[in-house]
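The values are calculated or read from the model by the stated rules, or taken from the named source; none is laboratory data. Since this is a predicted model, take the numbers as computed values, not measurements. Cβ coordinates were reconstructed from backbone atoms using ideal geometry, including for glycine residues, and neighbour counts include every protein chain displayed.
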Amino acid sequence: MRRITLFVLVIFTVSKNANSQAVKYDVFAVKFTSMGQATATSVWASGAPANDSVHIDFSVWLIKGSNGRNILLDAGFLPDIEDARDFGIVNYTRPDSMLLKLGVKAGDISDIIISHPHWDHIDGLGLFPNAKVWMQKDDYTYFVVGAWQKDGNHGGFHPRDVRLFTDLNLAGRLMLVDGDNKEIIPGIKVFTGSRHTFNSQYVLVETGSNNIILASDNIWVYYSLDHLVPASPGGTLDNAGYVKAMQRMKSMVSDVKFIIPGHDAEVFTKFRQVIPGVAAIK
Ligand SMILES: [Zn+2]
């Protein structure tokens, strides 16, 4: 009996050590299109001065594991979606073609974490045939059900994306995450509280050397982070929560530069572009 106990203990210790050889992650911001014109910062961040402007990019974020796992945050959009026309987009390259420049094939994406279901972040999901898709449960339920009811708000949601998610769910590829501070993949945690949508989430990557927060639209632009002001009206359902979430993000990184907003083109000047449009976050 005692020998068995010892055996179990040894096995447990060995497997624990194996787990503690943590996966290392490289993180990339991958821009696939931009707005052709700079816009007033006040369009994106409350209280920004009238003469302040910002260039807006559209990106996906690649989290490349040393174990071969390729994780995306968000999936971008396809160029034929009507909503994109209002944004005067230029220099569009399909997100999967951008990833190919990094040597990552669409079929090699193992996981896609969805920050929130706006068309510009999810419409490209169909490009990645093998990915498991991770989304907040309450965000999903509102997106596919509540938003389309009488008192619902489906601004930024596209019917074809609702169908895409329904199909994903039927195919058994949709993984619903229930709430805040969940480690969904070793070294990858998701957090809620900003309420960019019903229950939007952001991602903390423990890279092995420092933590990186990929905020997606839980911070639209650097101005909000720098001045701790909420997104402009329509950018969050909870102004106080949006600010509190940014303060919390700051407490989770060694340097504020490792908090990456969703649409600010400055990401691509703050960090070195390893190829045009791809910035290595490190
Ligand atoms: Zn967005």
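A few comments on the model shown:
- Whichever residue in region 154-187 is farther than 18 Å from residue 77 by Cβ and in contact with a helix residue (DSSP H, G or I) (Cβ under 6 Å, 6 or more places away or on another chain) and, among such residues, is surrounded by the most Cβ atoms within 10 Å (Cβ to Cβ): 174
A quick yes/no check of all residues on (1) closer than 30 Å to residue 278 by Cα; (2) small (Gly, Ala, Ser); (3) at pLDDT 95 or above; (4) surrounded by 15 or more Cβ atoms within 10 Å (Cβ to Cβ):
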residue	(1), (2), (3), (4)
1	no, no, no, no
5	no, no, no, no
8	no, no, no, no
16	no, no, no, no
21	yes, no, no, no
25	yes, no, yes, yes
41	yes, no, yes, yes
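- Of the candidates 84, 75, the single residue that is free of Cβ contacts under 8 Å to residues at least 60 places away in the same chain, within 16 Å of the ligand (Cβ to nearest atom), closer than 22 Å to residue 267 by Cβ and assigned to a helix (DSSP H, G or I) is 84.
- In the set 229, 190, 203, 133, only one residue is within 16 Å of the ligand (Cβ to nearest atom), touching a strand residue (DSSP E or B) at 6+ places or on another chain (Cβ under 8 Å) and not hydroxyl-bearing (Ser, Thr, Tyr); that residue is 203.
- For region 87-120, the set of residues classified as of a type in the set (Ser, Thr, Tyr) and part of a strand (DSSP E or B) consists of 110 only.
- Against the test of being assigned to a loop (DSSP other than H, G, I, E, B), touching a residue at least 40 places away in the same chain (Cβ under 8 Å) and among the aliphatic types (A, V, I, L, M), the options 237, 204, 214 yield a single qualifying residue, 237.
- Selection of region 136-163 for residues being of a type in the set (A, V, I, L, M, F, W, C) and either within 14 Å of the ligand (Cβ to nearest atom) or assigned to a loop (DSSP other than H, G, I, E, B) (or both) yields 145, 157.
- Unique match (being hydroxyl-bearing (Ser, Thr, Tyr), away from the ligand (no atom under 15 Å from the Cβ) and within 27 Å of residue 183 (Cα to Cα)) among 115, 110, 97: 110
- Residue list for region 210-226, restricted to those being out of contact with any Phe, Trp or Tyr (no Cβ under 8 Å at 6 or more places or on another chain), over 13 Å from residue 249 (Cα atoms) and away from the ligand (no atom under 11 Å from the Cβ): 222
- Among residues of region 246-265 being more than 16 Å from the ligand (Cβ to nearest atom) and under 21 Å from residue 74 (Cα atoms), the one that is surrounded by the fewest Cβ atoms within 10 Å (Cβ to Cβ) is 257.
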